[in-house]
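Encoded as structure tokens, the structure appears first; notes follow it.
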Amino acid sequence: MRLKLSTILVCLILIVFPFALIAQEIQFAIISDTHVGAKDSVYLSLLRSIKEDGIGKIIHTGDVINSPGNTYEWKRFLAAQGPQQTIHLAPGNHDITDKESFEVYLRFFPKPYYSLSEGDTLFILLNTELPGEESSIGGKQLLWLEGEL
């Protein structure tokens, strides 16, 4: 019984250990609903905490700003980031509500949906706020997503 258990343990180590050597640690923060521009937004203190933890990559899942299409709020949000942090965004309904706010969004984020790879991790950022396709993933975005997967 001991020999069998030892053999199984050695086999597991030989199988798992090589993967542990090539695995990469990725540090990132996932945030949402920062509502930059709202009186009660705590984004700057949250960002300070993320910086103190040494995290350089932020994935934001939407509702970045408080007033859709507000250029000042977008500029304020991006200025707070600083050069040491990278932001990736899947917009929410406070970011895009119509064609005009979508056009403003595209000035700051030229891809309405995209993916990125970091080590052995694939991040896919979708957009449920595309004008005419609200609350869904369809059309060109769905075709793109199928290709990515």
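Table: residues versus (1) part of a strand (DSSP E or B); (2) of a type outside the set (A, V, I, L, M, F, W, C); (3) closer than 13 Å to D95 by Cα; (4) free of Cβ contacts under 8 Å to residues at least 60 places away in the same chain.
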position: S41; (1), (2), (3), (4): no, yes, no, yes
position: S45; (1), (2), (3), (4): no, yes, no, yes
position: R48; (1), (2), (3), (4): no, yes, no, yes
position: I55; (1), (2), (3), (4): no, no, no, yes
position: I58; (1), (2), (3), (4): yes, no, no, yes
position: S67; (1), (2), (3), (4): no, yes, yes, yes
position: Y72; (1), (2), (3), (4): no, yes, yes, yes
position: F77; (1), (2), (3), (4): no, no, yes, yes
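Quick test for you: out of G54, G62, pick the one residue that is open to solvent by less than 60 Å² (accessible area, probe 1.4 Å), modelled with pLDDT of 95 or more and not basic (K, R).
Details: G54 fails: modelled with pLDDT of 95 or more.
Residue meeting the stated conditions: G62.
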I'm told N70 meets every condition in (1) closer than 22 Å to R48 by Cβ; (2) open to solvent by 10 Å² or more (accessible area, probe 1.4 Å); (3) out of contact with any Asp or Glu (no Cβ under 6 Å at 6 or more places or on another chain) except one. Can you identify the failing condition by its number? (1)
What number of residues within the stretch 104-130 satisfy the criterion of being surrounded by 11 or more Cβ atoms within 10 Å (Cβ to Cβ), assigned to a loop (DSSP other than H, G, I, E, B) and modelled with pLDDT under 95? 0
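So, in the stretch 108-134, how many residues would count as being farther than 21 Å from I30 by Cα and out of contact with any Phe, Trp or Tyr (no Cβ under 8 Å at 6 or more places or on another chain)?
Residues of the stretch 108-134 that are farther than 21 Å from I30 by Cα, as a first pass: 130-134.
Adding the requirement that they be out of contact with any Phe, Trp or Tyr (no Cβ under 8 Å at 6 or more places or on another chain) leaves 132-134.
Going through the stretch 108-134 one residue at a time, the tally reaches 3.
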Considering residues of the stretch 79-98 that are assigned to a loop (DSSP other than H, G, I, E, B) and polar (S, T, N, Q) only, the residue most open to solvent (accessible area, probe 1.4 Å): Q84
Among (1) at pLDDT below 90; (2) more than 19 Å from F123 (Cα to Cα); (3) loosely packed, with under 10 Cβ neighbours inside 10 Å, there is one condition E25 misses while meeting the rest; what is its number? (2)
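The values are calculated or read from the model by the stated rules, or taken from the named source; none is laboratory data. Being a predicted model, the structure only gives us computed values, none of them experimental. All Cβ positions, glycine included, derive from the backbone under ideal geometry; neighbour counts span all protein chains shown. All accessible areas refer to the heavy atoms of the entire protein, side chains included, with ligands and DNA or RNA removed. Shrake-Rupley method; radii C 1.70, N 1.55, O 1.52, S 1.80 Å.
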